[in-house]
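Beneath this line is the structure, given in structure tokens, with notes to follow.
The values are calculated or read from the model by the stated rules, or taken from the named source; none is laboratory data. These numbers come from a predicted model, not from an experiment. Here the Cβ is made from the backbone with ideal geometry for all residues, glycine too, and neighbour counts use every protein chain on show. Remember, those area values only see protein heavy atoms, side chains included, never the ligands or the DNA or RNA. Shrake-Rupley method; radii C 1.70, N 1.55, O 1.52, S 1.80 Å.
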Amino acid sequence: MKHIDLDSLRGLLLKCEKPSRYTGGEYGAPASEGENFNFCACYPDLYEVGMSNIGIKIVADSFLRRGMGVDFCFAPARDFGQGLRELNVPLYSLALKAPLSEFDMLGFSLSYELCYTNMLYMLDLAGIPAEREARRGGKYPLIVAGGPCTVNPEPLADFVDIFFIGDGESVDADVAEIYMQCGGATEEFYRKISELDGVYVPALTTPHYNADGSVERFEGISHVKKATVSDLDGAIYPENFAVPNCESVHDRAVVEVMRGCYRGCRFCQAGFIYRPVRKRSVETLTRQACGLIKNTGYGEVSLNSLSTGDYGKLPELIKSLKSELPPEVTLALPSLRVDSFEGDFAQDARKTSLTFAPEAGTQRLRDVINKDITEEEILKAAKSAFDAGYSAVKLYFMLGLPTETDEDLKGISEICEKIRLLYSSQKRAKSLRISVSAATFVPKPFTPFQWERQADEQEVKHKQDFILKHLPRGVHFSWSAYYPSLLEAVLARGDRRLGKVILSAYKNGCTFDGWDNLFCEDGWRKAFDDCGICAEQYVRERGEEEILPWDFVDIEVSKKFLLSERKRAYDGKVTGSCLSGCKGCGMQKMCPAARGEI
């Protein structure tokens with residue numbers, strides 16, 4: 001492999017913001033070149049965001065355990081990216097300082113739809129053609145992508161050679177093994193890997209469209225089942241993390257308590273695509289946490305999952321960690337639901353602001369979205385927090401949910417007032433701070449709301465103004481801009497024709513679209529106009545019999561179940577949690593909860 005001499009970048013590093021993002025040398029980082037295969041885990045966002053992502057570390061570890069070379073690369077900030085262009089230096093990996101074009105495989109982790117242009121940005125800086133057809137016959141790395149966004153891979157199908165759908169712990173490295181066996185990206189290679197669960201080769205599938213723009217059919221491979229790891233105790237998990245050179249978004253050790261969620265909130269894509277719930281044992285989690293603290297020197301361990309409070313042995317786990325970890329190490333419990341928040345857990349969290357997500361202002365609307373919590377539980381959780389010493393509460397809601405009315409919006413202000421009265425019912429040392437954040441609802445694939453329309457800009461503006469008018473004095477209110485939410489919905493529910501829009505937007509200067517201060521709305525609007533594509537056609541209500549752009553992907557939750565959940569939503573019926581009994585989503589054969597293993 002060729003390597004970049006950092007001395008040649010000295011001038012650029014001295015003048016750019018946070019040069020430590022680009023120098024490498026992180027404590028605990030792998031820095032060995034593989035003899036037969038080299039993989040670079042690429043995260044299309046800034047260093048401090050990507051270094052907090054556990055998914056890329058798990059995937060990288062699967063390659064390391066097979067003796068392959070592994071490195072990391074993150075999207076450089078615009079100042080450094082421009083400096084690389086001016087110096088004619090290609091984007092390089094952190095530890096090995098190797099140009100990305102020198103690797104056998106570049107693996108992009110797609111956590112959020114608004115990072116799509118950053119993938120093109122990184123390829124461009126690396127001197128690698130973005131479009132798959134332009135790379136055909138050339139000596140380029142395999143461009144692969146994984147992460148939650150790949151459950152609808154079609155918007156990026158023009159750019160990616162291979163998509164990994166589902167749990168990618170081992171399938172990525174399995175593909176690397178087959179690549180070496182076949183002597184490269186041959187027809188035999190693509191044929192073999194397309195037989196694996198969780199592998200989608202877009203070149204082997206051709207979508208056809210009706211005159212109205214809907215999908216008529218898929219030609220070629222029309223069924224791809226997600227990859228599922230059944231045993232988390234036996235699954236790959238890194239024994240060591242690279243410690244960032246500068247403070248990262250989540251600057252602490254992380255253990256994954258469990259994967260999946262019992263709750264089935266109808267708006268939540270993660271709750272469906274990560275089914276079934278699988279848990280690590282207390283013994284495994286304690287061993288992993290102790291090892292990470294020893295190997296990294298962090299002073300905090302985060303117990304991560306979609307809903308950590310649903311881990312049945314959480315008190316036992318906390319007790320085990322406290323007895324085995326050094327006394328100065330604290331625990332972070334970032335994913336506690338309102339109805340699982342107890343004073344004992346609060347004592348183990350940092351006394352800053354506490355975040356709850358009621359999502360909707362009234363019980364009626366919470367029933368619609370299957371957010372199976374009551375106002376009584378919200379207030380009980382708030383009281384537990386206040387008694388534990390908290391004096392600041394953040395409340396998250398969504399605007400534009402199906403069937404939402406002004407009465408539901410008014411309920412948001414009523415919850416805030418009841419929390420305020422609850423806090424002031426006792427003499428407390430500090431004054432209460434309440435913050436309300438309202439995001440625009442984005443209908444996502446593989447949820448019961450995947451067929452819903454998204455509220456338009458005028459409707460959302462009315463809802464924001466209504467809340468602002470009715471909130472109690474002193475409550476801080478923030479909301480998301482409309483167009484980024486519209487774009488997120490378009491890219492989440494889009495088809496392959498959006499590839500030219502994404503490329504056009506990148507050429508218009510759109511990068512770091514997930515950052516409010518860098519989002520370029522004009523660049524995206526021009527891209528849609530230039531490509532003759534109407535963004536609004538992707539956020540319309542879809543017919544229940546319509547073929548959806550992602551229908552060839554099988555997450556093993558049946559469409560019949562999703563449709564039944566949609567009907568129950570409009571009937572205002574709560575399905576509840578898997579903890580109260582199996583709901584028959586389609587995963588009964590592999591789901592521990594369906595077998596009574598809660």
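Note on the range 298-326 and the range 475-528: Cα centroid distance 37 Å, given to the nearest whole angstrom.
Note on residue 483: accessible area is roughly 20 Å² with a 1.4 Å probe, heavy atoms of protein only. Electrostatic bookkeeping for residue 510 treats Lys and Arg as +1 and Asp and Glu as -1; over the other residues with beta carbon under 12 Å from its beta carbon, the sum is +1.
Summary value for the range 1-132: 33 percent relative contact order, contacts being C-alpha pairs under 8 angstrom separated by 6+ residues.
The overall shape of the range 428-562 is oblate: from the C-alpha gyration tensor, with semi-axes ordered a ≥ b ≥ c, the ratio a/c is 1.5 or greater and a/b is no larger than b/c.
Evaluate E = 1/(1 + (r/R0)^6) for residue 65 and residue 231, where r is the Cβ-Cβ distance and R0 equals 22 Å; express this FRET efficiency to the nearest 0.05. Once the sixth-power term is evaluated, E becomes 0.85.
In whole angstrom, note down how far apart the Cα centers of the range 133-150 and the range 380-409 are. The distance from the Cα centre of the range 133-150 to that of the range 380-409 comes to 42 Å. Between 28, 120, 43, the Cα set farthest toward the positive side of the dipole of the range 1-146 (charges on each charged residue's Cβ, about the Cα centre) is that of 120. The 3J(HN,Hα) values that the Karplus relation (6.51, -1.76, 1.60; θ = phi - 60°) gives for the range 173-186 are, in residue order, 6, 4, 5, 4, 4, 5, 4, 5, 4, 8, x, x, 7, 8 Hz. Gly and Pro appear as x. Counting only DSSP beta bridges with both residues in the chain, the antiparallel share comes to about 20 percent. Of the accessible area of the chain, with the probe set at 1.4 angstrom, what percent is carbon plus sulfur? The nonpolar share, carbon plus sulfur, comes to 48 percent. Accessible surface for the range 1-143, divided over its residues, is 39 Å² per residue with a 1.4 Å probe. A Förster distance of 45 Å, applied to the separation of the beta-carbon atoms of residue 357 and residue 537, puts the FRET efficiency at 0.90. Which FRET efficiency value, to the nearest 0.05, do you get for residue 82 and residue 417 by plugging their Cβ-Cβ distance into 1/(1 + (r/R0)^6) with R0 = 56 Å? Efficiency for this residue pair is about 0.65. Counted over the range 1-150, the DSSP beta bridges are approximately 5% antiparallel.
When the listed pairs 322/430; 226/559; 371/410 are checked against a 23 Å cut-off, the alpha-carbon distance exceeds it for 322/430. About its Cα centre, the range 57-177 has a charge dipole of approximately 340 debye under the convention of +1 per Lys or Arg Cβ and -1 per Asp or Glu Cβ, with nothing else charged. For chymotrypsin sites (Phe, Trp or Tyr not before Pro), no site in the range 242-290 is both called loop by DSSP and has at most 10 other Cβ atoms within 10 Å.
Taking 7 Å along the Cα-to-C-beta vector as the label spot, tell me the residue 323-residue 379 distance in nanometres, rounded to one decimal. Between residue 323 and residue 379, the simple spin-label model gives 3.9 nm. With the simple spin-label model, which puts each label point 7 Å out from Cα in the Cβ direction, the residue 209 to residue 429 separation comes to 6.2 nm. For the chain, a simple Cβ point-charge model (Lys and Arg +1, Asp and Glu -1, everything else neutral) yields a dipole of about 1420 debye relative to the Cα centre. Karplus-derived 3J(HN,Hα) values for the range 545-555, using 6.51 cos²θ - 1.76 cosθ + 1.60 with θ = phi - 60°, are 8, 5, 6, 8, x, 9, 5, 6, 8, 10, 8 Hz; glycine and proline are entered as x. Excluding ligands, DNA and RNA, the accessible surface per residue across the range 225-344 is 38 Å² with a 1.4 Å probe. Comparing Cα centroids, the range 1-38 and the range 88-119 end up 13 angstrom apart. Excluding same-chain neighbours fewer than eight residues apart, the lysines reachable from residue 560 by a Cα-Cα span under 16 Å are 583.
For the range 1-81, the square roots of the Cα gyration tensor eigenvalues, ordered a ≥ b ≥ c, give a/c of at least 1.5 with a/b no greater than b/c, which places it in the oblate category.
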